[in-house]
Amino acid sequence: MGDQEPAPGTAMAGDEIIVCRDVHKWFGQHHVLRGIDLTVRTGEVVVIFGPSGSGKSTFIRTINRLEEHQRGQIIVDGIELSDDLRNIAAIRSEIGMVFQSFNLFPHLTALQNVTLAPIKVRHWARDRAEHEAMELLTRVGIPEQAHKYPAQLSGGQQQRVALARALAMQPKIMLFDEPTSALDPEMISEVLDVMRELAQSGMTMLCVTHEMGFARAVCSRMAFFDQGQIVELGPPWQIFDAPKHERTKRFLSQILH
Amino acid sequence: MTAEGERWLPPPDMSLGRRAWLRQNLFNSWWSSVVTVALGALLLWATVRIGAWAISEARWGVVTANLRLFLVGLYPADQVWRVWLGLTGLSVLGGVAAAVYRGGAVRTLAFWLAASQVLLAGLAAVSELGLVAALALLLNVGATWAAWAAARRLPIAGRALAAAWLVYLVLALILLAGVGGPLPVVGTNVWGGLLLTFLLAVAGIILSFPIGVLLALGRRSDLPAVRVFSTAFIEVVRGVPLVTILFMAAIMLPLFLPGEIRVEHVIRATAGITLFSAAYVAENVRGGLQAIPSGQYEAAHAIGLNAVQTNLHIILPQALRSVIPANVGLFISLLKDTTLVTIGAGLLEILGIGRAVLAQPEWFGAQMEVYLFIAAVFFVLSYTLSQASYRLEAALGVGKR
Ligand SMILES: Nc1ncnc2c1ncn2[C@@H]1O[C@H](COP(=O)(O)OP(=O)(O)O)[C@@H](O)[C@H]1O
Ligand SMILES: [Mg+2]
């Protein structure tokens, strides 16, 4: 088995970039992830959906080690996640994450939020970091807000700054944990548009969301989570039009009305 | 809808005339009128009594004749120029800092440094120190102003200024302590008065702040040994009065050190004050840390910052600005608590000097004058700190955002 793993950092389009095998996680006595198997290929967009409390957030947080898994194996770009701090640092610098509640740094301007990691972690010169950051802020459509503080921005603008902040580290993988759930309806599309553009550029994305229009149009596969397990995994047409499991059907009928 | 309702209207004029203000605030009922009159009468009576005493009876000579003692303690008279020179350096750097750090806090500190030197110059002029000392103090004020005016036109980096402060601190200590030759050694046991009070307070504040922050972080550490040590230190120190710690520093420190090393009283007192204050800083900072949502840690980790970077760039900047008011309150107490070193460490800071002066037969019974003078000195220092803290809070937007 070990011989067939690709060397770290050499993933090509179509290679397996995230491999999860029988991942388990407990919070105390509470068995939250119960044997997750999922393989994601470079350039794929996988949407994760399912009822609240089913372990969706916990699962994607194990992939950049914000949560530790206690059994099974997670291999990201050829690096297996373990307690080794160097592995964690290496993996985190390849994975960007966007949170439901934005989690921008309130004491820094939008631009400083974006440049912080490139300057401190990648040791870029400030000029270069700011130049790249302005390009990212332009890409997400808010270059004119660069010098404002998060409190002065709308929710949609904050989430787009958070996206730019994650992209500034030039990640190979992006994780999204319900990126539009905290937004007012009129701001949801401005964030989804950026995500769609990102998917088209070939980014590997793992996305917890209940925006089914986005899922149908953008993603390659969907994973239905329930009670810590992947109940059903398949391309969107199968999930929407011919779900194999009763639970998937019931859940979809609830959220599509 | 009237035509008026559709236009933007200016806010109505709510200001009151002077008579209306008086009536509304001081005489709005018979009861409030009685209180106003009674308090006014009391205030007038006290002012007249104290004023009459201060002008006709008080022997202010106790202050003017001993002013050097009050300011520098037993620091040798022929070496006092070194203290003035140190003060000049402080004045110049204060002026530069006021120009470089544009926030109001540093400017407030520089302003009060200058203002208190003007007050002191007035006092020096009528005292044993004489006009020369008064002139020197006024020149310092001029130096502050000149440095400020010059630095405003120069592009001075904050980092360069911080380095200058560090160099200044070292040079000032060497200047005060001496190295022999043209700069004879002046033992710290003769440093005293306001000089000692000021040095103890500044050293205590500068040293206890980082130690306190580290203790607060240690208390939340993942490493059990660090956590237990920090918690135990904080709880033990907070459970003991400062005087006890000063006594223990005087008696216990020598026990831990090899026989030939003798730690000077001033160092012991500074260590005691620093450790004492650090425990309280740590508790304040802990409150600030607890207010930071966990999403901040997660976002910092997710973009690849390590634990040290996360604390340095994300957590502490937010946690510390919310605890500024509490910490300044703490430092004002520290300033006043330095008076305890007279009891706990056998040093003569300004209050100790006051008691020594009162022990002289010629100044018998001049307690009132001496204690009023010392109270005024502490008031000016504390007031300066609290004013600077208000400016700092405003600049950092504490309570906003
Ligand atoms: N830090 C935690 N400590 C204890 N229990 C947790 C923690 N985080 C999540 N849980 C529990 O784990 C389960 C899965 O949570 P989560 O992954 O957030 O679900 P989802 O994102 O699908 O709504 C829930 O029952 C939740 O209460
Ligand atoms: Mg969730």
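The values are calculated or read from the model by the stated rules, or taken from the named source; none is laboratory data. Computed from a prediction, not measured in an experiment: that's the story for all the values here. Neighbour counts are summed over all protein chains in view; Cβ atoms, including those assigned to glycine, are modelled from backbone coordinates with ideal geometry. We work out accessible area using only protein heavy atoms, side chains counted, and drop any ligands, DNA or RNA first. Shrake-Rupley method; radii C 1.70, N 1.55, O 1.52, S 1.80 Å.
Which residues, taken from segment B:231-240, are assigned to a helix (DSSP H, G or I) and over 15 Å from B:GLN290 (Cβ atoms)?
Listed by number, the residues that qualify are B:ALA232, B:PHE233, B:GLU235, B:VAL236, B:VAL237, B:ARG238.
List every residue pair whose Cβ atoms lie under 9 Å apart, where the two residues are 6 or more positions apart in sequence or sit on different chains, the first residue falls within segment A:35-63 and is within 18 Å of A:ALA199 (Cβ to Cβ) and open to solvent by less than 30 Å² (accessible area, probe 1.4 Å), and the second residue, located anywhere, is of a type in the set (Ser, Thr, Tyr) and near ligand 1 (Cβ under 6 Å from one of its atoms).
As it stands, the answer is none, since no pair meets every condition given.
Can you name every one of the helices (runs of 4 or more DSSP H) wholly within segment B:312-396 that holds 3 or more residues which are out of contact with any strand residue (DSSP E or B) (no Cβ under 9 Å at 6 or more places or on another chain) and more than 14 Å from every other protein chain (Cβ to nearest Cβ)?
Hits in segment B:312-396: B:324-337, B:350-358, B:367-396.
Tally the residues that are aliphatic (A, V, I, L, M), away from ligand 2 (no atom under 14 Å from the Cβ) and within 14 Å of another protein chain (Cβ to nearest Cβ), restricting the search to segment A:66-78.
1
If I filter segment A:41-65 down to residues being away from ligand 2 (no atom under 12 Å from the Cβ) and within 14 Å of chain B (Cβ to nearest Cβ), which single residue comes out as nearest to A:PHE27 (Cα to Cα)?
So, considering only residues that are away from ligand 2 (no atom under 12 Å from the Cβ) and within 14 Å of chain B (Cβ to nearest Cβ), the one nearest to A:PHE27 (Cα to Cα) is A:THR62.
A:ASP77 passes all but one of (1) among the charged types (D, E, K, R); (2) at pLDDT below 95; (3) within 13 Å of ligand 1 (Cβ to nearest atom); (4) surrounded by 21 or more Cβ atoms within 10 Å (Cβ to Cβ); which number fails?
All conditions pass for A:ASP77, except number (3).
Just checking, how many residues over segment A:40-72 are more than 13 Å from ligand 1 (Cβ to nearest atom) and closer than 17 Å to A:GLU94 by Cα?
Residues in segment A:40-72 being more than 13 Å from ligand 1 (Cβ to nearest atom) and closer than 17 Å to A:GLU94 by Cα: 8 in total.
Working only within segment A:148-163, note down all residues that are of a type in the set (A, V, I, L, M, F, W, C) and surrounded by 18 or more Cβ atoms within 10 Å (Cβ to Cβ).
Within segment A:148-163, A:LEU153, A:VAL161, A:ALA162, A:LEU163 meet the criteria.
Considering only segment B:1-101, give the helices (runs of 4 or more DSSP H) lying wholly within it that have at least 3 residues that are without any contact (Cβ under 8 Å) to a residue 60 or more places away in the chain.
Per the criteria, B:18-25, B:30-52, B:80-100.
Under the condition of being free of Cβ contacts under 8 Å to residues at least 40 places away in the same chain and either assigned to a strand (DSSP E or B) or open to solvent by 30 Å² or more (accessible area, probe 1.4 Å) (or both), which residue from segment A:212-239 is nearest to A:ARG34 (Cα to Cα)?
Here the residue is A:GLU232.
Taking segment A:97-106, which residues are away from ligand 1 (no atom under 16 Å from the Cβ) and open to solvent by less than 20 Å² (accessible area, probe 1.4 Å)?
Result: A:LEU104, A:PHE105.
For segment A:91-104, name all the residues that are within 7 Å of another protein chain (Cβ to nearest Cβ) and under 13 Å from the mean Cα position of the chain (by Cα).
A:ARG92, A:MET97, A:PHE99
With (1) within 16 Å of ligand 2 (Cβ to nearest atom); (2) at pLDDT below 95; (3) over 24 Å from A:PHE105 (Cα atoms); (4) not charged (D, E, K, R) as the list, and A:HIS245 as the residue in question, which single condition is left unmet?
Tallying (1) within 16 Å of ligand 2 (Cβ to nearest atom); (2) at pLDDT below 95; (3) over 24 Å from A:PHE105 (Cα atoms); (4) not charged (D, E, K, R), A:HIS245 fails exactly one: (1).
For (1) polar (S, T, N, Q); (2) open to solvent by 20 Å² or more (accessible area, probe 1.4 Å); (3) within 16 Å of ligand 1 (Cβ to nearest atom), each residue gets a yes or a no:
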| site | (1), (2), (3) |
| --- | --- |
| A:ILE188 | no, yes, no |
| A:LEU192 | no, no, no |
| A:ALA199 | no, no, no |
| A:LEU206 | no, no, yes |
| A:THR209 | yes, no, yes |
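How about segment B:282-299: which of its residues are farther than 17 Å from B:SER221 by Cα and either away from chain A (no Cβ under 14 Å) or surrounded by 20 or more Cβ atoms within 10 Å (Cβ to Cβ) (or both)?
Within segment B:282-299, just B:ALA299 meets the criteria.
Against the definition (touching a Ser or Thr at 6+ places or on another chain (Cβ under 9 Å), modelled with pLDDT of 90 or more and open to solvent by 20 Å² or more (accessible area, probe 1.4 Å)), how does B:LEU348 come out, yes or no?
Against the criterion (touching a Ser or Thr at 6+ places or on another chain (Cβ under 9 Å), modelled with pLDDT of 90 or more and open to solvent by 20 Å² or more (accessible area, probe 1.4 Å)), B:LEU348 does not qualify.
From (1) out of contact with any Pro (no Cβ under 9 Å at 6 or more places or on another chain); (2) crowded, with 21+ Cβ neighbours inside 10 Å; (3) within 11 Å of chain B (Cβ to nearest Cβ), pick out the condition that doesn't hold for A:ILE88.
For A:ILE88, the failing item is (2).
Is at least one residue of segment B:145-158 buried (at least 20 other Cβ atoms within 10 Å of the Cβ) and in a helix (DSSP H, G or I)?
yes
Would you check which residues across segment A:107-136 are open to solvent by less than 40 Å² (accessible area, probe 1.4 Å) and of a type in the set (Gly, Ala, Ser) and list them?
A:ALA110, A:ALA117, A:ALA129, A:ALA133
Within the bounds of segment A:139-147, is there any residue that is within 13 Å of another protein chain (Cβ to nearest Cβ), outside any loop (DSSP other than H, G, I, E, B) and surrounded by 16 or more Cβ atoms within 10 Å (Cβ to Cβ)?
no
Looking only at segment B:78-107, which residues are open to solvent by 20 Å² or more (accessible area, probe 1.4 Å) and among the polar types (S, T, N, Q)?
Once the filter is applied, which keeps residues that are open to solvent by 20 Å² or more (accessible area, probe 1.4 Å) and among the polar types (S, T, N, Q), segment B:78-107 yields B:GLN79, B:THR88.
If the Cβ limit is 6 Å and pairs must be 6+ apart or interchain, which residue in segment A:164-179 that is more than 12 Å from ligand 2 (Cβ to nearest atom) and open to solvent by less than 10 Å² (accessible area, probe 1.4 Å) pairs with which residue that is of a type in the set (Ser, Thr, Tyr) and not in a strand (DSSP E or B)?
A:MET169/A:SER93
Looking only at segment B:301-315, how many residues end up being under 16 Å from A:GLU67 (Cα atoms) and in contact with a Phe, Trp or Tyr (Cβ under 6 Å, 6 or more places away or on another chain)?
0
So, in segment B:245-300, of the ones that are of a type in the set (Val, Ile, Thr) and not in a helix (DSSP H, G or I), which residue ends up modelled with the lowest pLDDT?
Result: B:ILE261.
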